[in-house]
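One structure below.
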Amino acid sequence: MRPTGRGGMGAMTISRTLYLFCSAAPPVFDVASVVEDAQQDGWDVCLGLTPTAARWLGESLGGLAALTGHPVRSEYKRPGEPDVWPKTDVILFAPATFNSINAWALGLTDKFVVGVVAEGIGKGIPTVAMPCVNAAYVQHPAFEGSVRTLRDAGVTLLYGEGGFVPNQPGQGRADGYPWRLALDAAGVAARVGDPQA
């Protein structure tokens, strides 16, 4: 058990760390509520964002850092700098955009969050991802191949029936994004990945 008095957690004792990574898609605007829900589930949350998502949430970053008790990260640390986050038990990458899914599958790690999840495959860190893409993007031939590549690498990808179902372009609703499904899947992945569970 790791005791903490960080952010919105008060004196609550937490035993698990969740890296919550978000790309720039409309559901990212709900991330404060998602962090609170994850904390209610017993997670110590560390929030990572793509650079565009960080720009979208720019005015909220200080509040999100206070809520999580950790710096919000969107950039790689410099060599030799200490890591400011605890080790994770599971990574949840949601919303994951078309760009992030394809870059991850190809191993293109110029973005901090994509680099961490790419390395996480090799480290055996349980990882769950849920895309946020429209029906036009998924017609691109690269997308299904990327989904298959990540699933074959052991990533739990919540896409299609029982996961995120793409909407028509321009018809997406941030309030329709199945965040609870993603958090529950992260909990299952952490238990499966824990040899003491």
Task: Of all residues in region 130-144 being open to solvent by less than 60 Å² (accessible area, probe 1.4 Å) and touching a helix residue (DSSP H, G or I) at 6+ places or on another chain (Cβ under 7 Å), the one that is nearest to Asp89 (Cα to Cα) - done: Met130
TODO: State whether the residues of region 97-108 include one that is open to solvent by 60 Å² or more (accessible area, probe 1.4 Å), at pLDDT 95 or above and not in a helix (DSSP H, G or I).
DONE: yes
Task: region 38-56 residues that are farther than 16 Å from Leu92 by Cα, paired with ones that are of a type in the set (A, V, I, L, M, F, W, C) (beta carbon under 6 Å, 6 or more apart) - done: Thr52/Ala24; Trp56/Ala24
TODO: State all residues of region 53-71 that are crowded, with 16+ Cβ neighbours inside 10 Å, on the phi < 0 side of the Ramachandran plot and in contact with a Ser or Thr (Cβ under 9 Å, 6 or more places away or on another chain); if no residue qualifies, say none.
DONE: Ala53, Ala54, Leu61
TODO: Return the only residue of Gly63, Gly80 being among the small types (Gly, Ala, Ser) and in a helix (DSSP H, G or I).
DONE: Gly63
TODO: Quick one: which residue in Glu36, Glu81 is closer than 16 Å to Ala186 by Cβ, open to solvent by 60 Å² or more (accessible area, probe 1.4 Å) and not small (Gly, Ala, Ser)?
DONE: Glu36
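The values are calculated or read from the model by the stated rules, or taken from the named source; none is laboratory data. Note that the coordinates shown come from a computational prediction; the quantities given were computed from them, not determined experimentally. All Cβ positions, glycine included, derive from the backbone under ideal geometry; neighbour counts span all protein chains shown. Just so you know, the surface numbers come from the protein's heavy atoms only, side chains and all, with ligands and any DNA or RNA stripped out. Shrake-Rupley method; radii C 1.70, N 1.55, O 1.52, S 1.80 Å.
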